[in-house]
Amino acid sequence: MNRKIDLRSDTVTKPTAKMRKIMAEAEVGDDVFREDPTINAFEHKIADMFGFEAGLFVPSGTMGNQLALHMLTQPGDEIICDYTSHIFNYESAAAGFLSGVQLRTINGRFGIMEPSDIEKAIRPCNDWDPHTSVIALENSTNKGGGSCYCKKELMDIRNLADEYHLSVHLDGARIWNAALATVTELSYYGSVADTMSICFSKGLGAPVGSMLLGDQDLITPARRVRKMLGGGMRQAGILAAAADYAVDNHFQLLREDHKRARSLGKTIMQCSKLVIDMNSIRTNILLFDVKDIPVNDALKMLEKEGILMVPFGPHTIRAVFHFEITDDDMNHVNSVFRHLFI
Ligand SMILES: Cc1ncc(COP(=O)(O)O)c(C=O)c1O
């Protein structure tokens, strides 16, 4: 097959023809002067949607996370997060570099932390202790395999944070997937997190763009820090228009991605050379282990059949589903797996 079925990530999608048309027609202005009407309207819309006062359009999820951590901490603080979290594994140690804080990891299950484990990690207030100031959650999880916090789990963590006067940051790069999987209304997230970063460039399929959400008092100075970091953009309404289109038109499509992940999961269950925990498949990300075959060999076998996935550990492979994957692609992927791994 010539076309590759690209399951390496949900960030590989290209803007659709309709999205490109909307981008071309977007009304724009200089956003550093706050004169881009498309961005201004989009920031209001998304903040309202998630139950926050204000939003700040940023180039990436990493910038959204790092701005949040910077605004919520002082140098010398400690942030509690799961050992699989994106801020710990994939943000180039930015929290230490940009904000002078350290990350305290705890071992959750599929990236989901238990309040009792978080509580044990909160430091006493001695001069010599790092100052615990933030609990950082990820929903859905990436390295945790697409798992999600349900509403109650989030509220339990919010209550714990309040008891200890801590802030909660929510990395919601894939909050759209989590909301569908756990039947959570988007505005609920504003009641459990002080700050949240969300992405439009993952399963929603926008080419670029994320947003930091929080109180106006936090977003106003965060705007200045965004500028310091070189994240002040000019006629970026073109990007906000694509993101807005993605929210309105692609959000509900994520349900299909979740079904497709489960469909491959069921096939993998039948494969004696592979191992999967079906309970771990909650959204569009699938992690499975390879038995007896080196991971890179298994990936090469798949690539020969036109299927791309990524290694995610010594025995683990990750597949991520997105809207460019068709029913025909799924039939092909399922039959290749049966052929290679049963
Ligand atoms: C959970 C999570 N948070 C943050 C990010 C960072 O997003 P970006 O690549 O836009 O910086 C990612 C990227 O994949 C992610 O999976």
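Where a number appears in this text, it was derived from the coordinates with a stated rule and is not lab data. Bear in mind the structure is a predicted one, so any value in this text is a computation, not a measurement. Cβ sites come from the backbone with ideal geometry, for glycine too, and all protein chains shown count toward neighbours.
See the values below:
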quantity: Footprinting exposure proxy for 332, 70, 169, 44 (fewest neighbouring C-beta atoms within 10 Å first); calculated: 44, 332, 70, 169
quantity: Order of 271, 125, 81 under a 10 Å beta carbon neighbour criterion, fewest first; calculated: 125, 271, 81
quantity: Protection proxy ranking, peptides 305-317, 185-197, average beta carbon neighbours within 10 Å, highest first; calculated: 185-197, 305-317
quantity: Relative exposure of 299, 56, judged by other C-beta atoms within 10 Å (fewest first); calculated: 299, 56
quantity: Candidates 203, 214, 96, ranked by Gaussian network fluctuation over the chain, Cα under 10 Å, top entry; calculated: 96
quantity: Qualifying trypsin sites (Lys or Arg not before Pro) in the stretch 156-241, DSSP loop, other Cβ atoms within 10 Å at most 16; calculated: 234
quantity: Entries in 14/259; 45/202; 120/202; 143/227; 18/45; 21/143 that, when Cα-Cα distance is taken, lie over 23 Å; calculated: 120/202; 143/227; 21/143
quantity: Centre separation in Å (Cα based) which lies between the stretch 320-337 and the stretch 243-290; calculated: 11
quantity: Anchor residue 273: aspartates and glutamates whose Cα lies under 14 Å away (excluding residues fewer than 8 positions away in-chain); calculated: 289, 292, 297
quantity: Ratio Rg/Rh, restricted to the chain and using Cα atoms, in which Rh is the Kirkwood radius; calculated: 0.98
quantity: Cβ-derived FRET efficiency at R0 41 Å, residue 235 paired with residue 327, nearest 0.05; calculated: 0.60
quantity: Span from the the stretch 187-226 Cα centroid across to the the stretch 1-59 one, whole angstrom; calculated: 12
